[in-house]
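The values are calculated or read from the model by the stated rules, or taken from the named source; none is laboratory data. Note that the coordinates shown come from a computational prediction; the quantities given were computed from them, not determined experimentally. For neighbour counting, all protein chains shown are included, and Cβ atoms are generated from backbone atoms with ideal geometry for every residue, glycine included.
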Amino acid sequence: MTQEEFDNHPAWKDANYEGAERTMLQNGMRMTLIEKLRWLEEAETFSLQFPINRRRAIAEGRLPPEG
C-alpha cells in the first residue's frame with residue numbers, strides 16, 4: 001500500500017470526532033429498541049463498577065487514599 005492509498009483509506013473518515021459521531025449515529029439507527037435497551041443496561045452496569053473498583057484499589061494499596 002502506498003502512502004497515498006494509506007492516506008485516502010476509507011477508515012480515516014471515522015478517525016476524528018465527526019467520523020466517530022457519524023459512526024455512532026449509524027450504529028444507533030441500525031439497532032432495534034431491545035438492542036438499545038440492552039446496550040444502556042450494559043453501559044450502566046459498567047459505569048457502576050468504576051467507584052467499586054476505585055474503592056477496591058484504594059483498599060489494596062494500588063491507589064493513594066482519596067483526600
- Residues within region 1-15 that are charged (D, E, K, R) and surrounded by 10 or more Cβ atoms within 10 Å (Cβ to Cβ), tallied: 2
- Task: Report whether or not residue 50 is loosely packed, with under 11 Cβ neighbours inside 10 Å and modelled with pLDDT of 95 or more.
- Result: yes
- Within region 1-47, can you find the residues that are of a type in the set (Val, Ile, Thr), at pLDDT below 95 and over 18 Å from the mean Cα position of the chain (by Cα)? 2
